[in-house]
Amino acid sequence: MRDVAVVAFAQSHHSGEDQGIAETEMVLPVITEIKERTGLSRFGFTCSGSCDYLQGAPFAFVSALDTLGAWPPISESHVEMDGAWALYEAWVKLQIGAIDTALVYGFGKTSQGDLRAIMNQQLDPYTLAPLGVDQVSMAAMQARAYMDRSGVKEDDLRAVAARSRASGRENPFALHLPDPEGDGYDVAPLHPCDVAPVTDGAAAIVLAAGDRARELCERPAWITGIDHRVEPHALGVRDLTRSASARLAGEKAGAAGIEVAELHAQFSHEELILREALGLDDGVSVNPSGGALSANPVMAAGLIRIGEAASRIHDGTASRTLGHAASGPCLQQNLVCVLSGENNG
Amino acid sequence: MAKSCAVIGIGQTQYKTKRLDVSMAGLLREAARRALDDAGLTWKDIDAIVVGKAPDLFEGVVMPELFLADALGATGKPLLRVHTAGSVGGSTAIVAANLIQSGVHERVLTLAWEKQSESNATWALTVNGPFTTSLVVGAGGYFAPHIRAYMRRSGAPDHIGTLVAVKDRQNALRNPYAHLKIPGISREMVESTPMLWEPIRYLETCPSSDGACAMVLASEDAAKKAPNPPAWVHGTAMRSEPMQFAGRDSVSPQGGKDAAADVYRQAGITDPRRELDCAEVYVPFSWYEPMWLENLGFCGDSEGWKLTEAGATAFDGDIPWNPSGGVLSSNPIGASGMIRFAEAALQVRGRAGEHQVDGARRALGHAYGGGAQFFAMWIVGSDKP
C-alpha cells in the first residue's frame with residue numbers, strides 16, 4: 001500500500017445549542033482554516049460525509065460544496081455516512097497513485113431536528129421503525145445485556161462519563177459539561193451523562209501521500225491500517241454484548257500497540273465494549289479529547305476521532321494511535337484507522 | 001499506478017412504476033443475484049459492497065444501507081454508501097472501481113437503486129433547506145429555464161426535444177427491462193401530451209420508477225476466471241462545481257466538459273463521435289440530448305441539435321445514444337446513473353440482446369446530478385487497456 005498520512009486536522013468549536021447558522025456556515029471556517037494551515041487551495045480529491053435528514057431536506061452536501069470554492073470544478077464525492085468513511089474513500093483514491101492530496105470533511109447540525117425521531121427513521125422501515133423504537137432505548141438494552149455479561153455496574157458507566165466530561169472540559173472544541181450528578185435515568189440503566197449530548201459541529205482533514213505528506217507536515221500521522229465492517233441490522237441476530245465488526249476491523253487495521261485511542265462511543269457502555277473488541281488494555285489512554293460523550297456532532301464525530309488521534313502524533317505526545325467511527329444502532333458498523341508517527345519511506 | 005478493473009457481472013430488475021411484489025431488500029437482491037450469476041460467483045466471493053442511491057427522502061429511510069446490510073450480503077464486510085445526487089449511480093460505480101484499481105479488493109459488488117413508489121420524489125426534490133426558499137417544483141421546474149436558454153442560444157427548432165423523446169422510447173421497445181414501452185410512439189403522440197414545465201411536455205420527461213442495478217467489478221486475475229466476457233474500465237472521472245454563481249454556464253457546465261476531457265484522456269480518445277461506438281448518457285428531459293452532445297464534445301457549440309435532427313444518435317446512426325431507451329424510459333433515480341454505466345458495459349461485452357449495437361467495442365457511460373453540477377463518467381471497452 002502507498003504511504004498516506006493525516007497531515008492536518010481542523011474542527012469547529014462545537015455547540016450544544018442552535019447558533020442560528022446554517023450547515024454551510026458551520027463548514028466554512030474549518031475549510032478556510034485547513035486551507036490556510038496547509039497552504040493548499042486545491043486538492044487532488046475531495047470527499048464529505050453528512051446526512052440529509054439532519055436538515056430535513058435533500059442534498060445537504062450540495063450547499064456545503066459552496067464553502068470549498070469548487071471552481072474550476074473539482075474531483076469530488078460524498079458518502080451519506082460519517083466523515084470517517086469519506087476519509088476511507090479518499091484513502092482508496094490516494095492508493096491508486098494519480099493524486100497526492102485529498103480534503104475530507106464531515107458536518108452535522110444536530111440541534112435543528114429531533115435526533116431520536118430522525119434516528120428512528122434509520123431502522124428497518126417495514127418492521128422496526130413503525131414501533132417507534134429510539135436509539136437510546138436500543139442502547140439501553142445493549143447496556144443491560146453487557147452489564148449482565150460483564151458484571152459492570154451503573155457506577156462503572158458513570159465513571160466513563162465522568163472521565164470523558166473531565167477531559168472534554170480540557171478540550172477547547174468540546175462542550176464543557178459538569179461532573180455527572182443525580183440519580184435520574186434517561187432510559188435505564190443509562191443516566192443522562194451516559195448519552196452523548198446533542199451537538200452541532202464540523203471537521204476537516206487533509207490526507208497526503210509520501211513526500212507530499214512530509215512537505216506539508218513536520219510529523220505526519222501515517223495511516224498504517226484502515227478498515228471498516230458492518231453487521232446485520234436486526235438486534236436479535238447479534239451478540240449485543242460484543243462488537244464483532246469492531247473486532248474484525250481492528251484486526252484488519254492492525255490495531256496493536258496503541259497508546260491513545262479515540263473511540264466513537266456515543267454511550268458509556270459502548271466504550272467498554274469497544275475497548276474489549278479492539279484489545280485495548282488499561283494502559284491505553286482512551287478519548288483524551290473527551291470523546292463523543294463530550295461532543296457528538298453527528299456525521300463529523302467519527303472523523304474527529306481520527307483527527308484527534310492524528311493530533312497526538314502531530315504534537316509528538318504519542319507514536320501509535322487509533323481513531324474509530326461507528327454508525328447504525330448499537331454499533332452496527334465500525335471503522336478503525338491506525339496511525340503511526342514512524343515511517344520507513 | 002491504477003490496476004486493471006473489469007465489469008464481470010451485470011444485473012438489472014424490471015423497471016416499473018410500482019414493484020409491490022418486493023421490499024427494498026427484495027428489489028436489491030433481484031439485481032444482485034443476476035449480477036452474481038452473470039459473474040459466476042456467490043455472495044461469499046465478494047470482498048466489499050458499495051451502494052448508491054439518491055436522497056434518503058425518496059423513500060423516507062435514513063441511511064437505508066444499514067437496514068439493508070444483511071440483504072446486501074455485507075455481514076462482516078466493508079459497506080460504503082455513496083450519495084452524489086442524480087449522478088450517484090455513476091459515482092457509486094467509480095468508487096467501487098477505485099477499490100479494485102487501488103488493489104484494496106479483488107471483487108466488489110456495487111448496487112444502486114430507488115424505490116420511488118414508497119415515497120414521493122417530486123415532493124422530496126421540492127423541499128428546501130431551512131434557511132432558503134424556493135418556488136421550483138421538482139427537477140423539471142429547475143431544468144426548464146436552462147433548456148429554454150439552450151434553445152435560444154443554439155437556435156434549435158422546437159421539435160428537437162420531441163425527436164429525442166420518440167427515439168429513446170423506440171429504443172426502449174428492444175429492452176426487456178425498460179419501464180415505458182409505448183408501441184407506435186410518434187411525434188404526434190408526444191406533442192399531444194400536456195405541457196408540464198414550458199418547453200417540457202409530459203412525454204419529454206422521465207418516468208418515476210422502482211428499480212435496481214448491480215455490477216460485479218473485478219481485478220484482472222479475478223476477471224480471467226469469469227465465465228462471460230468482461231468490460232474493461234478505460235477511464236473514470238468525477239467533477240463537481242457550485243450550484244450557482246455569477247457567470248456559471250448551467251447550460252453547458254464546465255464540470256461536464258472537464259470530466260469528459262479527463263475520461264477521454266485516460267481512454268486515449270481525441271474524437272468521441274468517431275472513436276466511441278455508442279453512449280449511454282443521462283437524459284432525463286429530452287432536450288438534454290442535444291445539450292450533452294455539445295457538452296461532451298461530440299460536436300461544436302450549437303451543433304448538437306443538428307446531430308439529433310440528422311439521426312446521428314439513432315439506433316442505426318453513426319453514434320447511437322441510449323440504445324437501452326435511457327433515463328427517458330426508466331428512471332429509478334439513484335440507479336439511473338449506474339444503469340447508464342452498466343448498459344455501456346453490456347454493449348462492449350456484446351450482451352445487450354435486442355438493443356445490442358453491432359460491433360460495439362468502446363462505450364461511454366454518463367451521469368449528472370444536482371443543478372447540473374455533479375458529473376460522473378466512465379469509458380469501458382472490450383479490450384484490456
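The values are calculated or read from the model by the stated rules, or taken from the named source; none is laboratory data. Keep in mind the model is a prediction, meaning the values are calculated, not measured. Neighbour counts run over all protein chains shown; Cβ positions are idealised from the backbone, glycine included. Side chains included, ligands, DNA and RNA excluded: accessible areas come from the protein's heavy atoms. Shrake-Rupley method; radii C 1.70, N 1.55, O 1.52, S 1.80 Å.
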- Message: Anything in segment A:59-107 that is among the charged types (D, E, K, R) and facing chain B (nearest Cβ under 7 Å)? List them, or say none.
- Response: A:66, A:76, A:80, A:89, A:93
- Return yes when residue B:260 is within 23 Å of residue A:46 (Cβ to Cβ), away from chain A (no Cβ under 11 Å) and assigned to a helix (DSSP H, G or I) and no when it is not. yes
- Since residue A:141 meets every condition but one in (1) open to solvent by 20 Å² or more (accessible area, probe 1.4 Å); (2) in a loop (DSSP other than H, G, I, E, B); (3) closer than 17 Å to residue A:328 by Cβ; (4) not small (Gly, Ala, Ser), which condition does it not meet? (2)
- Query: In segment A:222-235, how many residues are out of contact with any strand residue (DSSP E or B) (no Cβ under 9 Å at 6 or more places or on another chain), in a loop (DSSP other than H, G, I, E, B) and surrounded by fewer than 22 Cβ atoms within 10 Å (Cβ to Cβ)?
  - Reply: 1
- Across segment B:58-79, what is the number of residues that are in contact with a helix residue (DSSP H, G or I) (Cβ under 6 Å, 6 or more places away or on another chain) and either open to solvent by less than 10 Å² (accessible area, probe 1.4 Å) or within 7 Å of chain A (Cβ to nearest Cβ) (or both)? 3
- Message: Can you tell me which of (1) over 19 Å from residue A:231 (Cβ atoms); (2) of a type outside the set (Phe, Trp, Tyr); (3) in contact with a strand residue (DSSP E or B) (Cβ under 8 Å, 6 or more places away or on another chain) is the one residue A:283 doesn't meet?
- Response: (3)
- Would a scan of segment A:246-260 turn up a residue that is under 11 Å from the mean Cα position of the chain (by Cα), crowded, with 23+ Cβ neighbours inside 10 Å and closer than 27 Å to residue A:150 by Cα? no
- Among residues of segment B:83-109, those that are within 20 Å of residue A:299 (Cα to Cα) and either touching a His at 6+ places or on another chain (Cβ under 7 Å) or without any contact (Cβ under 8 Å) to a residue 24 or more places away in the chain (or both), counted: 2
- Task: Please enumerate the residues belonging to segment B:308-341 that are farther than 30 Å from residue B:57 by Cα and in contact (Cβ under 8 Å) with a residue 40 or more places away in the chain.
- Result: B:308, B:309, B:313, B:314, B:315, B:318, B:319, B:320, B:321, B:323
- Query: Inside segment A:151-205, can you point out the residues that are open to solvent by less than 20 Å² (accessible area, probe 1.4 Å) and either over 18 Å from residue A:286 (Cα atoms) or acidic (Asp, Glu) (or both)?
  - Reply: A:189, A:190, A:191, A:194, A:199, A:200, A:201, A:202, A:203, A:204, A:205
- Message: List the residue pairs whose Cβ atoms are under 6 Å apart, where the first residue sits in segment A:307-325 and is in contact (Cβ under 8 Å) with a residue 24 or more places away in the chain, the second is open to solvent by 50 Å² or more (accessible area, probe 1.4 Å), and the two are 6 or more positions apart or on different chains.
- Response: A:314/A:219; A:318/A:259; A:318/A:312; A:320/A:257; A:320/A:259; A:321/A:312
- Residue satisfying all of: in segment B:313-349; out of contact with any Ser or Thr (no Cβ under 6 Å at 6 or more places or on another chain) and of a type in the set (D, E, K, R); farthest from residue B:289 (Cα to Cα) among these: B:349
- Task: Just give me the residues in segment A:50-75 being under 24 Å from residue B:258 (Cα atoms), modelled with pLDDT of 95 or more and crowded, with 24+ Cβ neighbours inside 10 Å, in sequence order.
- Result: none
- Here are some residues: A:212, A:275, A:238, A:219. Which one is of a type in the set (Lys, Arg), in contact (Cβ under 8 Å) with a residue 40 or more places away in the chain and open to solvent by less than 60 Å² (accessible area, probe 1.4 Å)? A:238
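Do we have residue B:380 as of a type outside the set (D, E, K, R), open to solvent by 10 Å² or more (accessible area, probe 1.4 Å) and touching a strand residue (DSSP E or B) at 6+ places or on another chain (Cβ under 6 Å) here?
For residue B:380, the condition - of a type outside the set (D, E, K, R), open to solvent by 10 Å² or more (accessible area, probe 1.4 Å) and touching a strand residue (DSSP E or B) at 6+ places or on another chain (Cβ under 6 Å) - is not met.
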- Quick count over segment A:11-56, residues being away from every other protein chain (no Cβ under 14 Å), among the small types (Gly, Ala, Ser) and within 18 Å of the chain's Cα centre (by Cα), is 3
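Could you identify the single residue in B:180, B:109 that is modelled with pLDDT of 95 or more and either crowded, with 22+ Cβ neighbours inside 10 Å or of a type in the set (Gly, Ala, Ser) (or both)?
Among B:180, B:109, only B:109 is modelled with pLDDT of 95 or more and either crowded, with 22+ Cβ neighbours inside 10 Å or of a type in the set (Gly, Ala, Ser) (or both).
Residue B:356: in contact with a Cys (Cβ under 7 Å, 6 or more places away or on another chain) and either at negative phi or of a type in the set (Lys, Arg) (or both), yes or no? Can you show your working first?
Values: in contact with a Cys (Cβ under 7 Å, 6 or more places away or on another chain): no; either at negative phi or of a type in the set (Lys, Arg) (or both): yes.
No; evaluated as a whole, the condition is false for this residue.
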